[in-house]
Amino acid sequence: MDGNIIGELMWLMWAFLLGTGAGLLYDIFRPFRAHRGRAAGIILDIVFAFACGISLFIFAMASDDCRLGLWQLTASLLGFLAYLYSLSRIFEPVLNTVYEHLSCFKRKIKKILKKFQNSAKNLFKKM
């Protein structure tokens, strides 16, 4: 550090918000992981890990002297944990409801497409 305390505090705040964003991304993936089976869960875990790794890399490149210190990593971890133990309890039921509505919408669209497919088969069978 070169004595710029305010600048360091700003980077720590951004790191904390980055960890909070990672927690929100984890909650967005959670319903898909829970309802899609083990293979989808593994794939979504890999996507989550890559997304967090890439975001930490971009954050490190943007921070002071293109370095990521232990304090920034700790602030990111604290942001992630703070989100999971506080805001996650609020957002998880909302995201589960959104997932259920999307699943219901998907089933309705699939049913309509199936009817359209059967109608097309019958139409072209008669020709």
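Here are some notes:
- Hydrodynamic radius by Kirkwood, which averages 1/r over all alpha carbon pairs of the chain, in angstrom: 17.7 Å
- Probing with 1.4 Å while keeping every protein chain in the model, the per residue accessible area of the chain equals 75 Å².
- Summed residue charge, Cβ within 15 Å of residue 44's Cβ, Lys/Arg positive, Asp/Glu negative: +2
- Full extension of the chain between residue 39 and residue 17 yields a length gain of 4.9 nm, computed as 0.36 nm times the residue separation minus the alpha carbon distance.
- Candidates 15, 75, 62, ranked by Gaussian network fluctuation over the chain, Cα under 10 Å, top entry: 62
The values are calculated or read from the model by the stated rules, or taken from the named source; none is laboratory data. Please read all numbers here as calculations on a predicted model, not as lab measurements. Note that each Cβ is placed from the backbone with ideal geometry, even for glycine, and that neighbours are counted across all protein chains shown. Remember, those area values only see protein heavy atoms, side chains included, never the ligands or the DNA or RNA. Shrake-Rupley method; radii C 1.70, N 1.55, O 1.52, S 1.80 Å.
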